[in-house]
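Visitor: A single structure is presented below for examination.
The values are calculated or read from the model by the stated rules, or taken from the named source; none is laboratory data. Just so you know, these numbers come straight off a predicted model, no measurement behind them. Cβ placement follows ideal geometry from the backbone for every residue including glycine, while neighbour counts extend to all protein chains displayed. Heads up: the accessible areas ignore ligands, DNA and RNA and are worked out on the full protein's heavy atoms, side chains in. Shrake-Rupley method; radii C 1.70, N 1.55, O 1.52, S 1.80 Å.
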Amino acid sequence: MVSFEIKDLSFFYPNSEKKALNNINIQIEQGEFITICGKSGCGKSTLLRHLKPILTPHGDKTGEIFFEGQPLLKMNLREQASKIGYVLQNPDNQIVTDKVWHELAFGLESLGLDNATIRLRIAEMASFFGIQDWFMKDVAELSGGQKQLLNLASIMAMQPQVLILDEPTSQLDPIAASEFLETVKKINREIGTTVILSEHRLEEVFPMSDRAVVMDNGEIIVCDTPQNVGERLKKNENDMYVSMPSAVQIYGGIESNLPCPLTVREGRKFLDSLGLKPNDEYITEKKQAKNPAETVICLNDVWFKYEKSGKDIIKGLSLEVKKGMIHAIVGGNGTGKTTALTLINGVNKPYRGKVKLNGKEIAKYSGKELFSNNLGVLPQNPQALFVKNTVELDLLEMLSDKHLSQEEKSNKVNEVAELVEITDRLQMHPYDLSGGEQQKAALAKVLLLEPKILLLDEPTKGLDNFFKIKLGGILNKLISNGVTVLLVSHDIEFCAKFADVCSMFFDGSVITTNTPKMFFSGNSFYTTAANRMSRHLFRNAITNEDVIKSCNQS
Amino acid sequence: MQSELNESNRISKRLVLTAAIILIAVPLTIAFGIFFLDDKKYYIISLLIIIYTMIPFFISFEKRRPQARELLVIAILCAITVAGRAAFVMLPQVKPVAAIVIISGVCFGPTSGFLVGAVSAFVSNIFFGQGPSTPWQMFCFGLIGFLAGILFRKGIIQKSRFSLCIFGGISVIVIYGGIINLSALLMFSAKFSWKALMTIYAAGIPFDLVHAASTMFFLVVLSNPMIVILDRIKKKYGLIET
Amino acid sequence: MKDTFSGLHPIVNFTYFTAVILFSMFFMHPVFLGFSLVSALIYSIYLNGIKAAKFNFLYMLPLLLLVALINPLFNHEGVTILLFINDNPITYESIIYGIASATMFISVIIWFSCYNSVVTSDKFIYLFGKIIPSLSLILSMTLRFVPKFKAQIKVISNAQKCIGRDVSNGNVLQRARNGIKIISILITWALENSIETADSMKCRGYGLKGRTSFSNYRFDKRDKSVLGTICGLILLMIFGMVLGENTIDYFPSIIFKEITIISAIVYIGYAALLLIPVALNIMEDIKWYHLKSKI
């Protein structure tokens, strides 16, 4: 049976000449698992929002959408609410009430079900999702991953026929994200709910999907099984490749007539069947450390806890960051990475050990010395920085206490806007930007203080691969100007590609520090997908490009 | 236009309800108090009357089944008020509550002003402990928000710092001080006397002055930025004034 | 210690506290005042421990003295004049009345502290969810937002600190400006992000006709019998009130009814009403003691 049928759907936003959706035709079967991918701004969200009329944005629409054979617009609100479930991006913003149980019941209350039915449905959901333990808790006590599971559960409690998810894992750390996606898969396999999901992180989703839809500029460019999508994109040499899983990207870079691999396991098989000889020599370090580089950040046996009676968060941390490097700290959730950053930026103070910046202890800096022309900090949530009504005013605001002429100020703003490529967004309200653009605007704000050291906390959170590559490019530009970058991230693919030095953080301190090649090729679990796929052949190949290069040379 | 029509409709409904309460429930309560209650009659009667006066607001709000966005805006303003009160809890009588309630009333109209005031008072007492003065505080802050909305609509106060400050100072001293002090008196003494009232007002003056001064301070610094933000949201999401 | 009474249905909790607090405010008869104060103290010790009660009491003591003293200064009614201050008579009756109102006030405050730990916000929301659904939803949302905003204020102020906008240094004007900036950022952030919340509410059918209100509470046999007892005792109190058993005239001279069998019954009834939660707890303790000793 057909779940959704979309016929010739086109859509314009008000006052916009560009088609946000262009002639979309697709038929989605009941029980299918469909992944929609594409750059941010390609129309994924707009398309998904058309599948639930109550969320459909205003604008000019042509074409038709049918749900289970009926025109979608004729469906009444009650049916729409219960049959089409929709999970949004931000776990925190979707929660309405203060208690977990109340949140689970929220949709069912709207539908006007009686107490006994609601109780049963909630009990079912709590058991299916394994959330009995936190059932009576306040939502404020939950982690991000738990919150998103709660959002999913409270939608599923309404027993929808279709589950639509709009980048549901973009705000989650990798472990919470895979747990969430596993649950979605379970819903699809065990309950038979149709799943339509849009995602940036395709590594896990791609192999789960029955079909993948690739969108670009409001159009569907490919719609096929994931394997065929990989093969067809290769033929078209489309730039969508960068957002595909590693196995697909590697497949795309190598001549062969084999089927497209999707997972690490399949990728390994694929490389094996090419009949290559093991060789470590193709890959050399991206850059030799300019020895002896001076140390700009130095932590020496630093200990920290939030309360005197609390447990230690940072335990004997020692770390040296050299000038002009991109230094990445990777590691799991809750190991204290972010706390370590707050010790360097002076927000928290260690109770033992010293933190030095350019050889001077951090506590001896005045606030002004520390943050102007010296240390720049980009917070995890860029929205914590925006004050004004347009991006331009917001950037100018950073210069408000500098003694510069109006012209000098606007020159500076334009310069930095060009650097981070947001010149065409200057007149917009910061909150009307996409997540990636907000990240860039926030970075621009910090850069206006002309920092020599830049601290970044999870800079790739919620970004698609295109934005990540751009961000990496910006960071490279900065270090070529002599800036030092220290970043904390879950995103090992990004660190492998752009960092000069990687440190592994575990249990409150740094376990090991090395160049990315040595670092990731030495690990067997905590390493990139490309490395896991190819380590038996090319030990030092850690990025997709490395693997492709090695294959093509051997 | 549509919204204006609804608005006047709503107000008239509320008027009918209010009139009914004033004409029937209030005299009944007073009679009941005089005939059945002895020494606590003033307290109980006045408590019941302030509760009655809040009911029409709540009912008319429920009756028009407000949209999700409207509920959210009110809840957010309340939460900011409560968080603000918590931030200054070490300084007695320095409360940003009245200031934010006035700004809400001016930006979103009398009903929203009333609700923000009443709900903030209630919720902040969930955190700081409910007490006998909860209904009185709800009533006072609600009334301040309501009046701010009405007076702004009538053009008597403007969205300017100066005008809001004057209103803030006066309303805190007259409405909040006036009513809360009265409630304290009625709670303790059996007989109402002007002399005692004057004494309790005199004793309350320092507290009320601090409260009024802090309200005016918050209005000076908060009103402009907050009004800009609230007006943008109102426009962007097409919220109706109520 | 786990309170048994808190485990009862919210209607039972709420009825009990409404009655007890109103009666405590209202019955100025010394016997009733004494009962109310003692029961409130016992229950609050049971709920919040002896420390909280001690704190309550010490905190209350000055207030008690103040109220007891102020009253005779302004209230010159009463026939038994003890002395004159500035030509104003200080009467025996008004001193007694002052002490009585102070006792009343303190017991009300203590009862409220018990109320606060028994009738939690979700019980309140449940109770009023059916009558005022939108408002109780606002209440629930506000309760969700307060901790969220407090956390966000921290995030924002740290982020601002890291671009050199610190609230804790600089002159007063700068500090105030930075403080306002933090609040502005918070409000914008909250309102802009609430759009997604509104979407999520609409997704789950908010605004459809006939919304129900779910609760985790079940009204069982025990609730029925406790509520029955409470209502019976309330009726007894009203009966006593009509007879004038629990009222007292302080002015012009102190007059209250003679203690008869009927008044004894009313007194006992009042004590029983006040001590219901404590009695339930004791019964529960005994039951557990027996259950354990059998093992």
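Visitor: Share of antiparallel DSSP beta bridges in chain A, in percent to the nearest 5? Kindly include the intermediate steps, with their values, before the conclusion.
Guide: Details: 40 of 75 bridges.
That works out to approximately 55 percent antiparallel.
Visitor: So how much accessible area does C:ILE163 have, in Å² to the nearest 10, using a 1.4 Å probe?
Guide: Probe radius 1.4 Å; accessible area of C:ILE163 about 10 Å².
Visitor: List the lysines whose Cα lies under 18 Å from the Cα of A:LYS497, skipping any in the same chain that are fewer than 8 positions away.
Guide: Excluding near neighbours in sequence, the set is A:LYS286, A:LYS287, A:LYS461, A:LYS468, A:LYS470, A:LYS477, A:LYS517, A:LYS549.
Visitor: Helix-only mean residue ellipticity at 222 nm, the protein assembly as shown, DSSP H runs n ≥ 4 weighted -39,500 (n - 2.57), per residue, nearest 500. What is it? Walk me through the intermediate numbers first.
Guide: Numbers: 39 runs with 600 residues, N = 1091.
Helices in the protein assembly as shown give a 222 nm mean residue ellipticity of -18000 deg cm²/dmol.
Visitor: Oh, and also: Indicate the gyration tensor shape class of chain C (rounded, prolate or oblate), computed on the Cα atoms with a ≥ b ≥ c the square roots of the eigenvalues: a/c under 1.5 is rounded; otherwise a/b larger than b/c is prolate and the rest oblate.
Guide: Oblate, because a/c is 1.5 or more while a/b does not exceed b/c.
Visitor: Among the listed pairs A:LYS19/B:LYS235; A:LYS311/C:LYS154; A:LYS44/A:LYS185; A:LYS99/A:LYS315; C:LYS51/C:LYS287, which have their C-alpha atoms separated by more than 29 angstrom in this model? Could you put the intermediate results ahead of the total?
Guide: Numbers: A:LYS19/B:LYS235 25 Å; A:LYS311/C:LYS154 21 Å; A:LYS44/A:LYS185 20 Å; A:LYS99/A:LYS315 35 Å; C:LYS51/C:LYS287 27 Å.
From the list (A:LYS19/B:LYS235; A:LYS311/C:LYS154; A:LYS44/A:LYS185; A:LYS99/A:LYS315; C:LYS51/C:LYS287), the Cα-Cα distance tops 29 Å for A:LYS99/A:LYS315.
Visitor: Could I ask something else about it? Name the residues whose placed amide hydrogens come within less than 5 Å of the amide hydrogen of A:MET325, ignoring near sequence neighbours (fewer than 5 apart) on the same chain.
Guide: Those lying under 5 Å, H to H, from A:MET325 are A:VAL485.
Visitor: Relative contact order for chain C: what is it in percent, counting Cα pairs under 8 Å that are at least 6 residues apart?
Guide: Numbers: 271 pairs, mean separation 83.4, N = 295.
Value for chain C: 28 percent.
Visitor: Among B:PRO96, B:PRO27, B:PRO110, which one shows the biggest mean-square fluctuation in a GNM of chain B, springs joining Cα atoms closer than 10 Å?
Guide: Maximum among the listed residues: B:PRO27.
Visitor: Considering only protein heavy atoms, with the full assembly of protein chains and a 1.4 angstrom probe, order C:MET237, A:MET136 by accessible area, largest first.
Guide: A:MET136, C:MET237
Visitor: Using the Cα centre as the reference, give the magnitude of the dipole from point charges on the C-beta atoms of the range A:70-155 (Lys, Arg: +1; Asp, Glu: -1; all else neutral), rounded to the nearest 20 debye.
Guide: Rounded to the nearest 20 debye, it is 340 debye.
Visitor: Something else: Provide the percentage of antiparallel DSSP beta bridges, counting only those with both residues in the protein assembly as shown; round to the nearest 5.
Guide: Values: 46 of 81 bridges.
The antiparallel fraction comes to roughly 55 percent.
Visitor: Express the relative contact order of the range A:472-554 as a whole percentage, based on alpha carbon pairs under 8 Å and six or more residues apart in sequence. Show your work: numbers first, answer last.
Guide: Numbers: 85 pairs, mean separation 15.8, N = 83.
The value is 19 percent.
Visitor: For the range A:173-269, which GluC sites (Glu not before Pro) are both in a DSSP coil and crowded by at most 14 other Cβ atoms within 10 Å? Each step should come with its number before you reach the end.
Guide: Numbers: sites: A:GLU179, A:GLU182, A:GLU190, A:GLU199, A:GLU203, A:GLU204, A:GLU219, A:GLU231, A:GLU237, A:GLU255, A:GLU266; in loops: A:GLU199, A:GLU237, A:GLU255.
Sites meeting the loop and neighbour criteria: A:GLU237, A:GLU255.
Visitor: Taking each residue of B:80-89 in turn, how many C-beta atoms of other protein chains fall within 10 Å of its C-beta, and what is the average?
Guide: Details: counts 10, 2, 6, 11, 4, 0, 3, 4, 0, 0.
Across B:80-89, the average partner-chain Cβ count within 10 Å equals 4.
Visitor: Looking at the range A:440-528, send over the antiparallel percent of its DSSP beta bridges, to the nearest 5. Kindly include the intermediate steps, with their values, before the conclusion.
Guide: Working: 5 of 10 bridges.
In the range A:440-528, DSSP labels about 50 percent of beta bridges as antiparallel.
Visitor: Dipole of chain B, Cα-centred, from +1 at each Lys and Arg C-beta and -1 at each Asp and Glu C-beta, to the nearest 20 debye?
Guide: Details: 21 positive and 9 negative charges, 97 e Å.
Result for chain B is approximately 460 debye, rounded to the nearest 20.
Visitor: Would you list which aspartates and glutamates come within 18 Å of C:LYS294, measuring only between C-alpha atoms, while excluding same-chain residues fewer than 8 positions from it?
Guide: C:GLU284, C:ASP285
Visitor: Sorted from largest down, what three extents in whole angstroms do the Cα atoms of the range A:2-244 have along their principal axes?
Guide: Sorted from largest, the Cα extents of the range A:2-244 read 52, 39, 33 Å.
Visitor: While we're on this one: Out of residues 5 or more away from C:MET28 or on other chains, whose amide H comes under 5 Å of its own, with H placed 1.01 Å from N in the peptide plane?
Guide: C:ILE248
Visitor: Let me ask something additional. Return the single residue from B:ILE100, B:ILE156, B:ILE180 with maximal mean-square fluctuation; model: Gaussian network over chain B, springs between Cα atoms under 10 Å.
Guide: B:ILE156
Visitor: Could you give the distance between the Cα centres of the range A:535-554 and the range A:303-341, to the whole Å?
Guide: 32 Å
Visitor: Determine which aspartates and glutamates satisfy two conditions relative to A:LYS74: a Cα distance under 16 Å, and not lying fewer than 8 residues away in the same chain.
Guide: A:GLU5, A:GLU64
Visitor: So what's the gap between the Cα centers of the range A:382-398 and the range C:241-285, to the nearest angstrom?
Guide: 66 Å
Visitor: Using just the C-alpha positions of chain B as equal point scatterers, what log10 of I(q)/I(0) does the Debye formula give at each q in 0.12 1/Å?
Guide: Calculated log10 I(q)/I(0) at the listed q: -0.70.
Visitor: Which whole-number percent gives the relative contact order of chain A, counting Cα pairs below 8 Å spaced six or more residues apart?
Guide: Numbers: 1042 pairs, mean separation 79.4, N = 554.
Computed value for chain A: 14 percent relative contact order.
Visitor: What does the range A:378-506 give for Rg and for Dmax, in Å, if only its C-alpha atoms count?
Guide: Values for the range A:378-506 (Cα only, Rg and Dmax): 14.6, 48 Å.
Visitor: Return the FRET efficiency for the residue pair A:ASN481, B:SER160: r is the Cβ-Cβ distance, R0 is 51 Å, and the value is rounded to the nearest 0.05.
Guide: Details: r = 47 Å, r/R0 = 0.92.
The formula returns an efficiency of 0.60 here.
Visitor: Projected onto the charge dipole of the range A:2-244 (+1 at Lys/Arg Cβ, -1 at Asp/Glu Cβ, origin at the Cα centre), which of A:ASN25, A:CYS42, A:ILE118 gives the Cα projection farthest towards the positive end?
Guide: A:ASN25
Visitor: Give me the distance between the Cα centres of the range A:470-526 and the range B:83-152, rounded to whole Å.
Guide: 50 Å
Visitor: Averaged over its residues, how many other protein chain Cβ atoms are within 10 Å of peptide B:60-71's Cβ atoms?
Guide: Working: counts 0, 4, 6, 1, 1, 5, 5, 6, 13, 8, 3, 12.
Rounded to a whole number, the mean comes out at 5.
Visitor: Give me the inter-chain shielding for A:379-391: mean count of other chain Cβ atoms within 10 Å, whole number please. Let's see the in-between values first.
Guide: Numbers: counts 7, 2, 5, 1, 9, 14, 7, 5, 10, 3, 4, 0, 0.
That average works out to 5.
Visitor: For the protein assembly as shown, what is the convex hull volume of its Cα atoms per residue in Å³? Don't skip to the answer; put the middle values down first.
Guide: Details: hull volume 231.3 nm³, N = 1091.
Cα convex hull per residue, to the nearest whole number: 212 Å³.
Visitor: For a quick check: with amide H placed at 1.01 Å from N, whose amide H comes under 5 Å from A:GLU219's, ignoring anything fewer than 5 positions away on the same chain?
Guide: Amide H neighbours of A:GLU219: A:ASN22.
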